[in-house]
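To start, the structure itself, in structure tokens.
What follows is calculated from the coordinates using simple rules that are stated; it is not laboratory data. Here the structure is a predicted model, which means the values were calculated and not measured. Here the Cβ is made from the backbone with ideal geometry for all residues, glycine too, and neighbour counts use every protein chain on show.
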């Protein structure tokens, strides 16, 4: 690696014609939220207010470090670390400039040089025009509103931060804002770490990552791949990468690489996800091919799967109705084999429906019996190997058939005190409700709760105790599938102890109507006794066994 130099710089020294900061392709989008930007403004405002009259005597405010790659005698500087601080500082200066016309001459040269098309900071290609029009041009921030239609999350954060800053700055006097501007430019200090090696950007980036900065594994892989491409196509593939990352969100995008690893190396991971992707696929040897044929191709299928929005020439809705219950599961091991299946080009709609039906059976069998991760990894790993060997759909469905032991264990769970299985009870009940309603209802898991009809702990003098006098028998019945139903998240926990008639009219339904088919069945019962629970237990147990082939 080329030698590094480090020295202190004020913002006014950095935001000059001596620098043309450029955010390189491997950097993530702008990510600071109102919390980070607001804290910075608050700290700066306090420091400026407490500074002596002679600003040159004020204690400096340390903004942190920036790491750049800049050749001798050249203004262009690639920002390896420090994008968030430099961008936020530019946004802040832009808002201050537009609030006070008297500050225009003071601040504008540090944001956009007169008569030139680009200022001291050029953001990612996707944000260049937006940043220029709304921040680097005078009066650009005045047009910003929360209702603006923005192209990506980075622009949303820029606007949110600008609006927050404007609100805070409007409460200051013009004199206070001028003093703050002087303090920011002259007393805000950064440590500039610079290397002259243009080819060393990735090395510096990886060193910074290994020292604990908040960089993601996927950022490092992106740096490797984009850096290995010809310069004339780097921006194109960087945009492809970032568009997919924005569409999926950080967590799902990271998980996509885990599924890619599983598809190409089925089994339990022994190293970090990115290390295994590197070893298994050697993406740097063909970075364009990896991004086009793997990342984007798999990513499109992945997005359709996890949003239950498959697009097929026919039977798309049938496929999506099968994906919805899969997406409710708390583990996502089923996703990797589903991606592997759907990236195959020779799958027709009937094959897809047959595969998804079988995949749901296996996924729920493993879920209901609380199968350990190693067991799930083995099952799905074998399935992926078969898919990659072009096994027929019939062969894949045979592999997905729950074993005799799977079925036996699941029947025991479904016919036992399922309420005690907290992680599965609600998801099982929602799937049964979906079968009964047969209308493709969307369920918001956060707003659905599981309710006992016969309460777990009824008051001693209640009608429930008279109907179910044997406490041990009552407790056993209360936790079975036949006694459970679904409700919108309740607001009155005590209402669960109402007698049956009151519970039906006031609690299980409003005006005799409930959104859940499971609950509608209960409303038809004249009395809730052991016979009613036993009959309903048999019906729901049979429906579950039919649904999942148990």
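Observations on the model:
- Our note on the geometry: Cα centres of the stretch 43-115 and the stretch 514-540, 68 Å apart.
- When you restrict to C-alpha pairs under 8 Å that are six or more residues apart and normalise by the size of the chain, the relative contact order lands at 13 percent.
- Prolate is the label for the stretch 227-410. Its Cα gyration tensor axes, ordered a ≥ b ≥ c, give a/c of at least 1.5 and a/b above b/c.
- Within the chain, helix-based [θ] at 222 nm, where runs of 4 or more DSSP H residues each add -39,500 (n - 2.57), nearest 500: -16000 deg cm²/dmol
- Given R0 = 45 Å, the distance between the Cβ atoms of residue 524 and residue 228 translates into a calculated FRET efficiency of 0.10.
- Angle in degrees between helix 422-437 and the longest Cα principal axis of the chain, rounded to the nearest 10: 70
- Length-normalised contact order of the stretch 246-340 in % [C-alpha pairs under 8 Å, at least 6 apart]: 28
- Between residue 31 and residue 8, the simple spin-label model (points 7 angstrom out along Cα→Cβ) gives 3.0 nm.
- Listed values (i) 70, 53, 46; (ii) 87, 60, 39; (iii) 119, 56, 55, entry calculated as Cα extents along the principal axes in Å: (ii)
- The stretch 413-548: relative contact order as a whole-number percent, Cα under 8 Å and 6+ apart: 32
- In a fully extended conformation the segment linking residue 374 and residue 350 would gain 5.5 nm over its present Cα-Cα distance, using 0.36 nm per residue.
- Shape category assigned to the stretch 10-49 from the gyration tensor of Cα positions, a/c cut at 1.5: oblate
- Folded to 0 to 90 degrees: helix 530-548 orientation relative to the chain principal axis, Cα: 60
- For residue 539 and residue 462, the FRET efficiency from 1/(1 + (r/R0)^6), where r spans their Cβ atoms and R0 equals 25 Å, is about 0.40.
- Centre separation in Å (Cα based) which lies between the stretch 285-302 and the stretch 248-281: 13
- Helix 83-99 vs. the chain, principal-axis angle (Cα, 0 to 90°, nearest 10): 70
- DSSP finds beta bridges in the chain, and of those with both partners inside it, around 55 percent are antiparallel.
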